[in-house]
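Below: the structure, in structure tokens.
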Amino acid sequence: MNSEVAKIPNLSHPEAPIGKGDEENRELKRWREPKTFSFPAKDHLQLAQELDLIDFETAARVSGPKFYYLKNEAVFLELALTRYALDILQSEGFVLTITPDIAKEEVVEGIGFNPRGEESNIYTVEGTGTCLVGTAEITLGGYYAGQILDADELPIKMAGISHCFRREAGAAGQYSKGLYRVHQFSKVEMFIFCKPDQSEQMHHYLLELEERIFQGLEIPYRVVDTCTGELGGPAYRKFDVEAWMPGRGERGDWGEITSASNCTDYQARRLAIRFKEEGKNVFVHMLNGTAVAISRALISILENHQQADGSVCIPEKLIPYTGFDRIPRKAES
């Protein structure tokens, strides 16, 4: 019975657009218009090769396809993006963590991910009852599993750095190349535990933080309200931030860089996370949002801040963290 009940998804927000695929998502807003260049724009693969920033070929020999080595300035750029996001979240009162990269299968299932089967996106660790996490949403969401929280402490805001491991089962197509879909990447994740009457406000709050982070990186983006067919099992409503990626296709296109989901009490019921209100134990509402997924942020920065001479400028907000303001062509180094 539990196995069958686990297949039932969450309800959907009445304002979520009804549809099957991402083409039926509803665009809510844009920040800055897509960038145009006076020269032929390169995609991140060409830029990374010319600037010696990413090595896919060696990683394929060592680890297999869809893995990569970050090199030279890209290493500092990953660390800079991480610290930049953490400083914003610390100023907002988030508890900062570095989470485990492994979680028990019951926690993975409680969050709403399927750890088994051909279509699972999760790597399992054979014979251990554990999985590699696809996102710190799993380890942050499981933090208070089986506990009754103090109502006066809600909302609880947490942020977690983790590696993310994804099989990317069924992922294909021209937009999957390069860094956009990989088996391992780093991410800073946001998570909130709150009372039911707070979750709508907290959902918009997470989106505001995601927008602030990418406005600071000077990346043109749009916000979409995700249609019901793309929500997945746990999400009641989900907002995606999609960056303009000039290297997509001949004219560029939008690509998802963050998402913010209100999962209401769907995960809390599975993980038994409650708070006491008027003498009764009530399930909390749980929300998650991407502060920065490093691999996709790198695509956005390289492609949007490329220069006619082949170099890449560093967004002003990141310069204090990188220690340099541009990635020069190697012939200039």
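Read the figures in this text as sums done on the coordinates, not as results from a lab. Note that the structure is a prediction, hence the values are computed from the model and not measured. Cβ: placed from backbone, ideal geometry, glycine included. Neighbour counts: every protein chain shown.
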The condition of being assigned to a loop (DSSP other than H, G, I, E, B) and surrounded by 11 or more Cβ atoms within 10 Å (Cβ to Cβ) holds, among 14, 40, 9, only for 9
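Looking at segment 312-327, is at least one residue surrounded by fewer than 19 Cβ atoms within 10 Å (Cβ to Cβ), of a type in the set (Lys, Arg) and over 21 Å from the mean Cα position of the chain (by Cα)?
Yes, segment 312-327 contains a residue that is surrounded by fewer than 19 Cβ atoms within 10 Å (Cβ to Cβ), of a type in the set (Lys, Arg) and over 21 Å from the mean Cα position of the chain (by Cα).
Regarding segment 92-106, can at least one residue be identified that is surrounded by 19 or more Cβ atoms within 10 Å (Cβ to Cβ) and of a type in the set (Lys, Arg)?
no
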Of everything in segment 17-28 that's in contact (Cβ under 8 Å) with a residue 60 or more places away in the chain and in a helix (DSSP H, G or I), which residue is farthest from residue 116 (Cα to Cα)?
24
Would you check which residues across segment 88-111 are in a helix (DSSP H, G or I) and closer than 17 Å to residue 166 by Cα and list them?
105, 107, 108, 109, 111
Residue match in segment 49-64 (condition: under 16 Å from residue 166 (Cβ atoms), of a type outside the set (A, V, I, L, M, F, W, C) and part of a loop (DSSP other than H, G, I, E, B)):
yes
I need the helices (runs of 4 or more DSSP H) fully contained in segment 248-333, keeping only those with at least 1 residues that are touching a residue at least 40 places away in the same chain (Cβ under 8 Å) and within 28 Å of residue 196 (Cβ to Cβ).
266-271
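Would a scan of segment 113-122 turn up a residue that is closer than 30 Å to residue 249 by Cα and among the acidic types (Asp, Glu)?
Checked against the condition, which is being closer than 30 Å to residue 249 by Cα and among the acidic types (Asp, Glu), segment 113-122 yields at least one hit.
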Could you please let me know if residue 236 is hydroxyl-bearing (Ser, Thr, Tyr), under 24 Å from residue 106 (Cα atoms) and crowded, with 21+ Cβ neighbours inside 10 Å?
yes
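What are the residues in segment 131-148 that are surrounded by fewer than 18 Cβ atoms within 10 Å (Cβ to Cβ) and in contact with a strand residue (DSSP E or B) (Cβ under 9 Å, 6 or more places away or on another chain), if any?
147, 148
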If you take just the strands (runs of 3 or more DSSP E) that sit entirely in segment 112-220, which of them hold at least 1 residues that are in contact with a His (Cβ under 9 Å, 6 or more places away or on another chain) and in contact (Cβ under 8 Å) with a residue 40 or more places away in the chain?
156-165, 184-194
